[in-house]
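Beneath this line is the structure, given in structure tokens, with notes to follow.
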């Protein structure tokens, strides 16, 4: 491989895991409005699987996947940022243009956030999609201290981030779910108290029990499928449900009286549609909570770039508790970073 090339994991066809190949691509050249990031780690998300399975209308093969990542600025262009700054990012990468599963990436200036020294590359790469989604959805839903929040799937990245952010910002109660007894036990071990074990209790019944029949003020639903309908029935008067994922299925059945009689609202959410101001505001709120230890991101497993297919298979089939991350994508290594990967790992 020459100095002008780089390694990348490319979906040459959208035909499942077999469509992924490690390839050599030309190293991106600096461009106006972009910073050149030497990628140190990249997140693995259900969106990667959706695209690889041919389920996203805007994605076109061949495409390098990877919707989020972290690294160091190698060329700052006209951004005003310093070369050598550590950054994390998300945006249309891995969807409408090549993504973070490669050694270098041109990132829009407005899509990067500076990474504090106390957060290592692996954790930084695990943050953007889950934590920005969680914080912005809470804001859109009108979250205020003392509200109650339901966010299904405690082991999932958005469910866990929403639980931690709502709790850290003063929710009176945050409720989640676990799809197995083992996950429910793991959640309690990590300090997530109000988690419904769906193998022994229904979602709606669990919420009724935990809220003395009142229901919750906000639902942030990253799961979809039958969970959406059950979560809607768990809303209290004037409640809000935001839906943003469909790992459990794209179709659900709702009881319209859950909206009508409760004066409730239900809306969709896409992180891609958020303004740079909304994203910057969310980072402003999130980062101090992580640096201060009030939030502890969970990275469950780290794979090398060449095992991206295995990493995605693990995420989708094993449903791990925490994020899956690809590490050491480039030769860049932090000289003094801690290697802790968040709480509970």
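The values are calculated or read from the model by the stated rules, or taken from the named source; none is laboratory data. In this text, all values refer to a predicted model and were calculated from it rather than measured experimentally. Because the Cβ atoms are built from the backbone with ideal geometry, glycine has one as well, and the counts that use them run over all protein chains shown.
Counting just the residues of the range 249-290 that are surrounded by 18 or more Cβ atoms within 10 Å (Cβ to Cβ) and over 30 Å from residue 108 (Cα atoms), which one comes out farthest from the chain's Cα centre (by Cα)? Filtering the range 249-290 for residues that are surrounded by 18 or more Cβ atoms within 10 Å (Cβ to Cβ) and over 30 Å from residue 108 (Cα atoms), the one farthest from the chain's Cα centre (by Cα) comes out as 258. Residue 331 falls short on exactly one of the conditions (1) part of a helix (DSSP H, G or I); (2) at pLDDT below 95, and that condition is (1).
Read through the list (1) without any contact (Cβ under 8 Å) to a residue 40 or more places away in the chain; (2) surrounded by fewer than 18 Cβ atoms within 10 Å (Cβ to Cβ), then give the number of the only condition that residue 294 fails. Condition not satisfied by residue 294: (1).
Does residue 238 satisfy being farther than 29 Å from residue 95 by Cα and out of contact with any helix residue (DSSP H, G or I) (no Cβ under 6 Å at 6 or more places or on another chain)? Criteria met by residue 238.
Listed here are the residues, each with its yes/no results for (1) modelled with pLDDT under 95; (2) more than 24 Å from residue 45 (Cα to Cα); (3) in contact with a strand residue (DSSP E or B) (Cβ under 9 Å, 6 or more places away or on another chain).
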residue: 206; (1), (2), (3): no, yes, yes
residue: 212; (1), (2), (3): no, yes, no
residue: 220; (1), (2), (3): no, no, yes
residue: 235; (1), (2), (3): no, yes, yes
residue: 239; (1), (2), (3): no, yes, yes
residue: 242; (1), (2), (3): no, no, yes
residue: 264; (1), (2), (3): no, yes, yes
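If residue 163 satisfies all but one of (1) touching a residue at least 40 places away in the same chain (Cβ under 8 Å); (2) touching a strand residue (DSSP E or B) at 6+ places or on another chain (Cβ under 7 Å); (3) surrounded by 20 or more Cβ atoms within 10 Å (Cβ to Cβ), what's the number of the condition it fails? Unmet condition: (1).
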